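No lab work stands behind these numbers, since they all come straight from the coordinates. The model shown is predicted, which means the values in this text are computed figures rather than measured ones. Every residue, glycine among them, receives a Cβ derived from its backbone with ideal geometry; neighbour counts consider all protein chains shown.
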Amino acid sequence: MPKFETIFYEMQDNVALITMNRPERRNAMNLTLNRELLDAFEQAAGDEQVRAVLVTGAGKGFCSGADLTMFQPLPTPEQIVEIIISNYKPMMAVVSGMKKPVIAAVNGVAAGAGASLALACDLRLMAHDANMLMAFSNIALVPDAGANWLLTRLVGYGRAYEIAVEGSRIPAERCLELGLTNKVVPAEQLLSIATAWARKLAQRPTLALGLTKQAMQFAQLNDLASTIEFEANLQRQTIVSHDFMEGVMAFMEKREPAFQGK
């Protein structure tokens, strides 16, 4: 396992816990953190023992977005393009393409690219005192790190545009109303509740959960008929799996299934 400077990576009960660890900067993303997050997500994606992933931030914030000290001295427009593509595109691709559930436990603020990371995860919990902030327009920037794709699909164009252009903090309870988070929990219980949820999902049939994620992403971009065909082809993988047979036997024997994630 690689050694990290800006994150903690630990695995327990088939759950990989990735903790961003720049608390003095509210876990702002610099080049090192971006690279190490990508490495950690790739490590979790490729480890068959990992059946769920949980990402959170150390200290008082989830992630305050890009560390603006990266841009001193100010890069050229061409360098900005390269920085955004090289830092965010691979990371978001790994998170969204990972064939296992990824949960964000949002403490404090998730702003800018930090909000994009949270929204790229499959599931989100927020502490009751946490908030999300699309801060880009506050410094005259366009949302990036996939924020436009993610926001519009979660809340629709009108609300997404409002969130982006107003640049205001969205409290956790409002995030719940908008569908930006799945649950709001007491701040002091955030990590314990998130870990329990991740462990529960890690005991589910991982292959089926990963393929369901793939099917739903396909469905967002294709019509009903194409989606049904896509589902049928995915089902050929599940029907021969250990967990399918175990699920059927457990149902017939009226017991809890013991899924192995394959």
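For the reader, a short list of remarks on this structure follows.
- Summary: within the chain, the longest segment free of GluC sites (Glu not before Pro) located in DSSP loops with at most 12 other C-beta atoms within 10 Å is 49-252.
- Where only alpha carbons of the stretch 68-178 are counted, the Rg and the Dmax (Å): 14.2, 41
- Summing charges over neighbours of MET20, with a neighbour being any other residue whose Cβ is under 11 Å away from its Cβ, gives +2 when K and R count +1 and D and E count -1.
- Backbone phi angles across the stretch 119-124, fed through the Karplus curve with coefficients 6.51, -1.76 and 1.60 (θ = phi - 60°), yield HN-Hα couplings of 6, 6, 5, 6, 9, 9 Hz in residue order; Gly and Pro are listed as x.
- Placing a pseudo-label 7 Å from each Cα along the Cα-to-Cβ vector at VAL142 and ILE239 gives an inter-label distance of 4.5 nm.
- Counting only residues at least eight positions apart within a chain, or on another chain, the lysines with an alpha carbon under 25 Å from that of LYS254 are LYS200, LYS262.
- Across the stretch 185-209, the residues whose backbone nitrogen lies under 20 Å from the label position 7 Å along the beta-carbon direction of PHE8 are 186-200.
- Expressed as a fraction of 2.2 N^0.38 Å, the C-alpha radius of gyration for the stretch 122-262 is 1.34.
- Seen from all directions on average, the chain presents a Cα convex hull projection of 15.3 nm².
- Candidates ILE163, ILE139, ILE239: whichever shows maximal mean-square fluctuation once the chain is modelled as a Gaussian network with Cα springs under 10 Å: ILE139
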